[in-house]
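The values are calculated or read from the model by the stated rules, or taken from the named source; none is laboratory data. In this text, all values refer to a predicted model and were calculated from it rather than measured experimentally. Don't worry about glycine lacking a Cβ; one is built from the backbone with ideal geometry, like all the others, and counts go over all protein chains shown. Each accessible area value is taken on the protein alone, full model and side chains, heavy atoms only, with ligands, DNA and RNA left out. Shrake-Rupley method; radii C 1.70, N 1.55, O 1.52, S 1.80 Å.
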Amino acid sequence: MIETNNNNSRRILCVGMCVLDIVHVCNKYPEEDTDRRCLKGYWQRGGNASNNCTVLRNLNTDCEFLGMLSESPAFGFLHDDCRKRGIRIDNCPITAQDPPFSSVLLSQESDSRTIIHSNSNFPILTFEHFKKINLSDYSWIHFEGRNPEETLQMIDKIHEFNRNHDANIKISVELEKLKLELLELASQSDYVFLGKELALFMGWQNGREAVEKVQNLFPNRKRGIICTWGSKGAYCLTETGDFHHIEPCPPREIVDALGAGDTFCAAVIYGLDRMKLTLEKAVELGNRVAGFKLGHCGYDDIRQLEPEKLFM
Ligand code: FRU
């Protein structure tokens, strides 16, 4: 039985990847072709959607991860970690292939996090897998933007469900990967999270330009668009077309920047779906939770936060 802090019986589903993160904390980013020791090293479950779930559970809400998992015994801890935390994984398909993994360097000197990701043709989650889930279990479905062909079919199915059942499952998508085709996913979603890297790749110079350009690309549908811009904070265009800039909440000292973006997305979704905040307030919550995470190692100290009290 999963305990939650509210009466919302439908849960949040995050669709994407579950990977192994091997983290090295270094005093500074190493020079090429040197042999150095790090200050500390550890591994943890990662992947954007899997991190979103970790944060949602630490905010004490019922959530589920949907993505391809590996049955390789060496990586059994990825499933165990989900189960231990009460992240549901019952609907995930399983393959015998080893999961993708990332080598992560956290530099104390520059506060950077450098990720080298390895994914050798790990099978993707397809629409055939997705169509087996019972959509009435969910209030919100978030997609880590990838595999647009499959993902668009999944999103269509949710719209069809909403129409036929008079339901209102909200759909959000995170656009982070530098692929033009992914922008199409924005056209069908209620909320779009846009990364700074993708915005710059598109030639958009700042957060305001980025959210406006996304809206102009698909003017036929009103949606919430959110763009984070590092130390400049976050920008959003609300469902009714109002623009807001929300200041960041940096910690006194940055300890761990890995997954700060995933933390932000999860907290915004929590604010919108569970707390029924306006988009502007939900983005403020996202900045606060992500800022707190930056000052702490991993995601578990987020349990200390009480989001409901932040807005009393
Ligand atoms: C952080 C993260 C890591 C993972 C990498 C995949 O956002 O999800 O956990 O290794 O990105 O790109």
| Kirkwood hydrodynamic radius of the stretch 140-184 from all distinct Cα pairs, in Å? | 11.1
| message | I'd like the FRET efficiency for GLU308 and GLU247, computed as 1/(1 + (r/R0)^6) with the beta carbon distance as r and R0 of 22 Å, rounded to 0.05. | response | 0.55
| note | For LYS170, the residues 5 or more places away or on another chain with a placed amide H closer than 5 Å to its own amide H are TRP140, ILE141
| task | Step through the table entries LYS132/LYS293; LYS40/LYS179; LYS132/LYS177; LYS84/LYS170; LYS222/LYS309; LYS131/LYS309, compare each Cα-Cα distance with 32 Å, and write down the pairs that go over it. | result | LYS132/LYS293; LYS40/LYS179; LYS131/LYS309
| remark: Quick calc, ALA167 & LYS28: beta-carbon distance into FRET formula, R0 41 Å, rounding 0.05, result 0.20
| message | Residue by residue through the stretch 152-168, what is 3J(HN,Hα) from phi via Karplus (6.51 cos²θ - 1.76 cosθ + 1.60, θ = phi - 60°)? Round to whole Hz and write x for glycine and proline. | response | 4, 5, 5, 5, 4, 5, 5, 4, 5, 4, 4, 5, 6, 10, 6, 9, 9
| the stretch 35-111: proportion of alpha-carbon pairs further apart than 22 angstrom, % | 33
| query | For the chain, what is the mean residue ellipticity at 222 nm derived from helices alone (per DSSP H run of n ≥ 4: -39500 (n - 2.57); sum divided by total residues; nearest 500 deg cm²/dmol)? | reply | -9000 deg cm²/dmol
| request: Take each of the peptides 26-36, 138-148, 161-171, average the number of other beta-carbon atoms within 10 Å over its residues, and list them starting from the highest. | output: 138-148, 161-171, 26-36
| field | Positive minus negative residues near ASP273 (Lys, Arg vs Asp, Glu; Cβ under 12 Å) | value | +3
| message | Computing the accessible area with a 1.4 Å probe over protein heavy atoms, can you report the carbon and sulfur percentage for the chain? | response | 47
| For the stretch 219-312, what percent of Cα pairs sit more than 15 Å apart? | 57
| remark: Rounded to the nearest whole number, the Stokes-Einstein translational diffusion coefficient of the stretch 1-154 at 20 °C and 1.002 mPa s (Kirkwood radius, C-alpha pairs) in µm²/s is 127
| field | Which of ALA260, VAL23, PHE292, positive extreme of dipole for the chain (C-beta unit charges) | value | PHE292
| query | Two-decimal Rg/Rh of the chain from alpha-carbon positions, Kirkwood Rh? | reply | 0.94
